[in-house]
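Peer 1: Mind having a look at this structure? Questions to follow.
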There are 2 protein chains.
Amino acid sequence: MPTPERTSREAIVAVGRELLEAEGLAGLTMQAVADRVGVKAPSLYKRVRNRDELVRLITEATIDDLGEELRKAAAGPTDAPSLVAALALAFRAFAHRFPAGFHLIFAPGPVGTRPSYDAIVASSLPLLEVAGALAGPERALDAARTLTAWANGFISMELAGAFNLGGDVDEAFAFGIRTLTTALQAREVAQAVG
Amino acid sequence: MPTPERTSREAIVAVGRELLEAEGLAGLTMQAVADRVGVKAPSLYKRVRNRDELVRLITEATIDDLGEELRKAAAGPTDAPSLVAALALAFRAFAHRFPAGFHLIFAPGPVGTRPSYDAIVASSLPLLEVAGALAGPERALDAARTLTAWANGFISMELAGAFNLGGDVDEAFAFGIRTLTTALQAREVAQAVG
DNA sequence: ACCTGAACACCGTTCAAGT
DNA sequence: ACCTGAACACCGTTCAAGT
């Protein structure tokens, strides 16, 4: 005799994300997710293989959201420098909204928890485009990597409290945007050195 | 009647670091540490308050090692651009040697696991100095933050496998060094924009 | 003064038995 | 076909009892 479904994979992932942000990764227990979703813990295993897979699904959902946010931010400006700034600010705002989920994107961890490569690539497409517009097509990949590396590192350090001492953090972020935009635009200069 | 000490805090932290690198954070169990150190798990609580403190001690030991490595790398070159490159390469080499420990430095986590702010500041002194030499004293902090943010982000992404697609990663890292060195040196240019 | 066995709470996961 | 109680292995941690 069939039993009505009392939850769904989507609900489990959504609740998992809330729990992750509220209680941290250690607070993301199968028991806690089950409680909030209205079933007993063993029932979760009908929807996800195990906790590692749940972590991966949460990470991928976060990546998808981030990609959406970046695509929206890229809709406004038309010149490359404004686009870079808009994307960087959207990136940072998103990380502040979902710090724990954001961290999982590039965190090491058991293999089963790591997001698919495709998800990461898809979400970073807007950035690859603007990098091409800024630094030229054959420098696009290097420029995009430099930009994301900087933004990602800045935000990781900020969230870890490494910028607590001295100075306006918003201004420091703006300084980085200016510095990198200028540098990646000035292709002759960058190539003359090294 | 006193009992001879069968281990030490130093041995526990050293074994903990090995275990962390070999098995990941999830493999760093009190049981596994106790086995390798030659005592039973409850004895560890005579040396560390709990597992969170052990994680913190491991992180701080890693930070100290990193600072040492950076100080050694800074001993050679005399001109600012060569110094930046030497520090960046040493930073990356260290991260490749201790990826799990490196990640803990800026990872979120239970409060008890986070390293002291002093440890982070002390280890980044060499970088603050070269940033000053490169960008001028009043831009030193911003420049140092931009450099560490980029290097840290680059390495996080690299270790997370986000650079698997396309291109020579070593060359991409060198590209970033060149780009940032040039940009932080060219103070007029950076200030003219934005 | 440090060490250990025993015990407790908690967690991930499996599975037989329910509907 | 999904749900649950019971059970198992494992983990962090405490503590009384040893030496």
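The values are calculated or read from the model by the stated rules, or taken from the named source; none is laboratory data. Bear in mind the structure is a predicted one, so any value in this text is a computation, not a measurement. Here Cβ is always computed from backbone atoms with ideal geometry, including for glycine, and neighbour counts include all displayed protein chains.
Peer 1: Residue under question is B:ALA95, and the condition is that it be at pLDDT 95 or above and either surrounded by fewer than 20 Cβ atoms within 10 Å (Cβ to Cβ) or under 22 Å from B:LEU128 (Cβ atoms) (or both); does it hold?
Peer 2: Details: at pLDDT 95 or above: yes; either surrounded by fewer than 20 Cβ atoms within 10 Å (Cβ to Cβ) or under 22 Å from B:LEU128 (Cβ atoms) (or both): yes.
So B:ALA95 fits the description; yes.
Residues are listed down the side, and each one gets a yes or a no for (1) at pLDDT 95 or above; (2) over 30 Å from B:LEU134 (Cβ atoms); (3) not acidic (Asp, Glu):
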| site | (1), (2), (3) |
| --- | --- |
| B:LEU19 | yes, yes, yes |
| B:GLY24 | yes, yes, yes |
| B:VAL48 | yes, yes, yes |
| B:ASP64 | yes, no, no |
| B:GLU69 | yes, no, no |
| B:LYS72 | yes, no, yes |
| B:ALA86 | yes, no, yes |
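Peer 1: Out of curiosity, is A:ARG36 under 19 Å from A:THR62 (Cα atoms) and either more than 8 Å from DNA strand C (Cβ to nearest atom) or aliphatic (A, V, I, L, M) (or both)? Lay out the reasoning, then the answer.
Peer 2: Details: under 19 Å from A:THR62 (Cα atoms): no; either more than 8 Å from DNA strand C (Cβ to nearest atom) or aliphatic (A, V, I, L, M) (or both): yes.
In short, no.
Listed here are the residues, each with its yes/no results for (1) more than 16 Å from DNA strand C (Cβ to nearest atom); (2) in the same structural domain as B:ALA151 (by TED's automatic domain parsing); (3) crowded, with 16+ Cβ neighbours inside 10 Å.
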site: B:THR7; (1), (2), (3): no, no, yes
site: B:ALA11; (1), (2), (3): no, no, yes
site: B:VAL15; (1), (2), (3): no, no, yes
site: B:LEU19; (1), (2), (3): yes, no, yes
site: B:ALA22; (1), (2), (3): yes, no, no
site: B:ALA41; (1), (2), (3): no, no, no
site: B:LEU44; (1), (2), (3): no, no, yes
site: B:GLU69; (1), (2), (3): yes, yes, yes
site: B:ALA75; (1), (2), (3): yes, yes, no
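Peer 1: What are the residues in region A:112-126 that are crowded, with 16+ Cβ neighbours inside 10 Å and within 12 Å of chain B (Cβ to nearest Cβ), if any?
Peer 2: Residues satisfying the conditions are A:THR113, A:ARG114, A:PRO115, A:ALA119, A:ILE120, A:SER123, A:SER124.
Peer 1: Search region B:20-47 for residues that are in contact (Cβ under 8 Å) with a residue 40 or more places away in the chain and within 14 Å of chain A (Cβ to nearest Cβ) and pair each with any residue that is near DNA strand D (Cβ under 9 Å from one of its atoms) and assigned to a helix (DSSP H, G or I) when their beta-carbon atoms are under 9 Å apart and the residues are at least 6 apart or on different chains.
Peer 2: B:LEU20/B:GLY27
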